[in-house]
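The values are calculated or read from the model by the stated rules, or taken from the named source; none is laboratory data. What you are looking at is a predicted structure, and each value in this text was computed from that prediction instead of being measured. Ideal geometry is used to build each Cβ from the backbone, glycine not excepted, and the neighbour counts take in all protein chains shown. In case anyone asks, the SASA skips ligands and DNA or RNA and just uses the protein heavy atoms, side chains included. Shrake-Rupley method; radii C 1.70, N 1.55, O 1.52, S 1.80 Å.
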Amino acid sequence: MAEAGLSIPEWMRKKPIDAGVSRNGRRRRTSVVERTISGLSEALRSSIFSERIAARPGLLQRIDPRIKILGFLTLLIAIGLIHSPFILLGLYAGTVLLAAMSRISPGYFVKRVWLFIPLFTGVIVLPSLFNIIRPGDPLVTLWDFGRDVHLGPWLLGDSLAVTRQGATGAVIFVLRVAASVSLAVLLTLSTRWPDLLKALRVFHVPRVFVLIISMTYRYIFLLLGLATDMFTARRSRLAGVSTPREDRRFVTGSMGALLGKSQALGEEVYAAMVSRGYSGEPRTLNRFSLAGRDLVFAACVAILAVAVIGGDRIIG
Amino acid sequence: MAENNQVGGPAIGEGNAVYEVSSVSYSYEETGALDDVTFEVKAGESLALLGANGSGKSTLLKMMNALIFPSSGSVRAFGEELSEESLQDEGFSLAFRRRVGFVFQNSDAQLFSPSVWEEIAFGPLHLELEPGEVEERVEATVHILGLEHLRDRPPFHLSSGEKKKVALASVLAISPEVLLLDEPTAGLDPKTAGFLARLTVQLAAAGKTVITATQDLALAKEVAGRAIVLGEDHRTAGDGPAARILGNRELLLSANLIHDHPHSHAGMEHYHPHSHLEEHHHGDEH
């Protein structure tokens, strides 16, 4: 039905040039944009999955969040003090065992931890393997220069080799990171987000700090949702193959739009929270109360920490 | 619903002014949103705020929920002026938030908790109710709105209708005396929209003051006893009994709430004001 002053132009009345829906067998390349969409929805899915894990009736889920934070902090400090790769390996194995006892699939847990490690430790560890950076007893010689090589005023030595000291250091470092990251992942997977925030408040972490992390968490979801919508909307309008150049332009353009949109929506979310009484203090219904198992857990952690540090001193 | 919360403010009976909005203006940067708006809302009244897109309805509701404050003029609620300063007062802020509930137009903005159950518990918890009472209220609200099967689902994964119900539940669990509803039926299927309209009528009948911002005239007719029209110039264009306002075609046309619509009768095309307020039959020729 046409309205006064609004008429449909001729080109809009025509049928699309190629209205056929038959297949022609050619595959479209998956573009950056499409991979981004699947990445975004994966992130959303995994966060929901994490919430479910935290709701499972496992060992760590039953421990009071305050005790869990204190216990894991103690273990983190212990890990930092240990030099024996065997004890570190044992502690790491312990975290996998804890994961299994908390109904977290060990495969998922191990994968989640080790995905981080090459990224965060590789850059630091790799150079220290070699004798150029960290002199020591050569373990594997990669390149024998035959004479002393100088780089400006810097003496590189007569060969490029992986040293025993470098390799040991790297192994210790990687194990330390693996065990620490495992503990952090265990804590976040086994504790519901609001409880974790509430526990932080118990330790007198400033209210504004807790507020910032809680809002950041909300905004990540908003951002994910908005980005998924924008990328999906683009894909629905995209018939042929877009060039990488076009994709890049879209991505840079959408970053700005996304920021504006998420800020507007973020402000509204905050308003909705304030409207229902939020004043910067996260509240959850689970009142924390220490049970016998919390004390047993605390005692086990304390004994373990003393034992591993003591054991390390004896071996070391 | 549980009894009203009477903390920190005068007890209000039917007929007392809940809101006094005097000469309120507001602008976003350069754009005006409200211009010299004045009205009062009495306790127990059911009021529809009518206006086209961009007329300032949402801005007005946000102001009445003390989320933004007027550039000039004043909004008083329960006899107390709403200002950044008065909302800084913990006692007043707590009492005000307990007495006034706001259902946002955008449910996505309103739902931020990990599960439906926690979403509904958010308000009562943050308004410092006893844990036992919080649980009782959440359970009752879940039951009233028929959300039992969604209790443990993350709210952002629901359909629009379900999201709206959860958003409403999250406010009803607070049991506020005043309900501010921003376009409650926008984007909902007829069944859900009808359910929300009936619920609104029941809440009003239960003594709640209900203020509904909408451009859905059928909804206004169903739920409101009084209507205020905001014109496209952001000023009050009309204020009176809903039946009278909704019968004033001139007024509704000028506020862009109804529109001219070409009709052809016996081959002769002509225009007349058109809305879907009353049952409207079109012949086969359309």
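Going by what's in this entry, would residue B:128 be described as touching a residue at least 12 places away in the same chain (Cβ under 8 Å) and under 29 Å from residue B:22 (Cβ atoms)? Break it down into steps so the answer makes sense when it comes.
Values: touching a residue at least 12 places away in the same chain (Cβ under 8 Å): yes; under 29 Å from residue B:22 (Cβ atoms): no.
So residue B:128 does not fit the description; no.
Can you find even one residue in the stretch A:28-49 that is within 30 Å of residue A:222 (Cα to Cα), open to solvent by less than 90 Å² (accessible area, probe 1.4 Å) and modelled with pLDDT of 85 or more? Taking every residue of the stretch A:28-49 in turn, none turns out to be within 30 Å of residue A:222 (Cα to Cα), open to solvent by less than 90 Å² (accessible area, probe 1.4 Å) and modelled with pLDDT of 85 or more.
Taking each residue of the stretch B:168-194 that is of a type in the set (Asp, Glu) and looking for partners that are part of a loop (DSSP other than H, G, I, E, B) with beta-carbon atoms closer than 6 Å, six or more apart or interchain, yields B:177/B:4; B:182/B:104; B:182/B:105; B:183/B:105.
Results for (1) open to solvent by 50 Å² or more (accessible area, probe 1.4 Å); (2) over 24 Å from residue B:168 (Cβ atoms), shown as yes or no for each residue.
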{"site": "B:191", "(1), (2)": "yes, no"}
{"site": "B:221", "(1), (2)": "yes, no"}
{"site": "B:240", "(1), (2)": "no, yes"}
{"site": "B:247", "(1), (2)": "yes, yes"}
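Could you list, in sequence order, the residues of the stretch A:304-316 that are in contact (Cβ under 8 Å) with a residue 12 or more places away in the chain, open to solvent by 30 Å² or more (accessible area, probe 1.4 Å) and closer than 15 Å to residue A:76 by Cα?
Residues of the stretch A:304-316 in contact (Cβ under 8 Å) with a residue 12 or more places away in the chain: A:304-305, A:308-309, A:311-312, A:315-316.
With open to solvent by 30 Å² or more (accessible area, probe 1.4 Å) added as a condition, the list becomes A:304, A:309, A:315-316.
A:304, A:309 - these are the residues of the stretch A:304-316 that are in contact (Cβ under 8 Å) with a residue 12 or more places away in the chain, open to solvent by 30 Å² or more (accessible area, probe 1.4 Å) and closer than 15 Å to residue A:76 by Cα.
When we screen B:277, B:203 for residues that are open to solvent by less than 60 Å² (accessible area, probe 1.4 Å), at pLDDT below 85 and either in a strand (DSSP E or B) or more than 14 Å from chain A (Cβ to nearest Cβ) (or both), the only hit is B:277.
A Cβ distance below 8 Å, combined with a sequence gap of six or more or placement on separate chains, defines the contacts here; from the stretch B:99-123, residues that are under 22 Å from residue B:211 (Cβ atoms) and more than 8 Å from every other protein chain (Cβ to nearest Cβ) reach residues that are among the hydrophobic types (A, V, I, L, M, F, W, C) and open to solvent by 20 Å² or more (accessible area, probe 1.4 Å) in the pairs B:105/B:186; B:111/B:156.
Every condition in (1) assigned to a helix (DSSP H, G or I); (2) open to solvent by 50 Å² or more (accessible area, probe 1.4 Å); (3) within 14 Å of another protein chain (Cβ to nearest Cβ) is met by residue A:289 except one, and the failing one is (1). Checking A:280, A:310, A:266, A:253 one by one, the residue that is within 22 Å of residue A:215 (Cα to Cα), out of contact with any Cys (no Cβ under 7 Å at 6 or more places or on another chain) and assigned to a helix (DSSP H, G or I) is A:266 and no other.
The residues listed here are B:179, B:196; of these, the one that is assigned to a helix (DSSP H, G or I) and surrounded by 20 or more Cβ atoms within 10 Å (Cβ to Cβ) is B:196. Any chance the stretch A:134-153 includes a residue that's assigned to a helix (DSSP H, G or I) and surrounded by 14 or more Cβ atoms within 10 Å (Cβ to Cβ)? No: zero hits.
With respect to residue A:301, is the statement that it is open to solvent by less than 30 Å² (accessible area, probe 1.4 Å), in contact (Cβ under 8 Å) with a residue 40 or more places away in the chain and closer than 30 Å to residue B:132 by Cβ true? When the stated conditions are applied, residue A:301 does not pass them.
Quick check on the stretch B:151-167: of everything there that is closer than 22 Å to residue B:126 by Cα and free of Cβ contacts under 8 Å to residues at least 40 places away in the same chain, which residue is least open to solvent (accessible area, probe 1.4 Å)?
Just the residues of the stretch B:151-167 that are closer than 22 Å to residue B:126 by Cα, to begin with: B:151-156, B:163-167.
Next, only the ones that are free of Cβ contacts under 8 Å to residues at least 40 places away in the same chain stay: B:151-153, B:165.
Numbers: B:151: 73, B:152: 126, B:153: 96, B:165: 50 Å².
Within the stretch B:151-167, the match that is least open to solvent (accessible area, probe 1.4 Å) is B:165.
Among the residues of the stretch B:130-158, those that are part of a loop (DSSP other than H, G, I, E, B) and either within 13 Å of chain A (Cβ to nearest Cβ) or within 21 Å of the chain's Cα centre (by Cα) (or both) comprise B:130, B:145, B:151, B:152, B:153, B:154, B:158. Note on the stretch A:246-260: residues that are of a type in the set (Val, Ile, Thr) and open to solvent by less than 50 Å² (accessible area, probe 1.4 Å) amount to 1. For the stretch A:275-294, the set of residues classified as in contact (Cβ under 8 Å) with a residue 12 or more places away in the chain and among the aliphatic types (A, V, I, L, M) consists of A:290, A:291, listed by residue number. Condition first: assigned to a helix (DSSP H, G or I), under 14 Å from the mean Cα position of the chain (by Cα) and within 12 Å of chain A (Cβ to nearest Cβ). Can you find one or more residues in the stretch B:78-91 that meet it? No, the stretch B:78-91 contains no residue that is assigned to a helix (DSSP H, G or I), under 14 Å from the mean Cα position of the chain (by Cα) and within 12 Å of chain A (Cβ to nearest Cβ).
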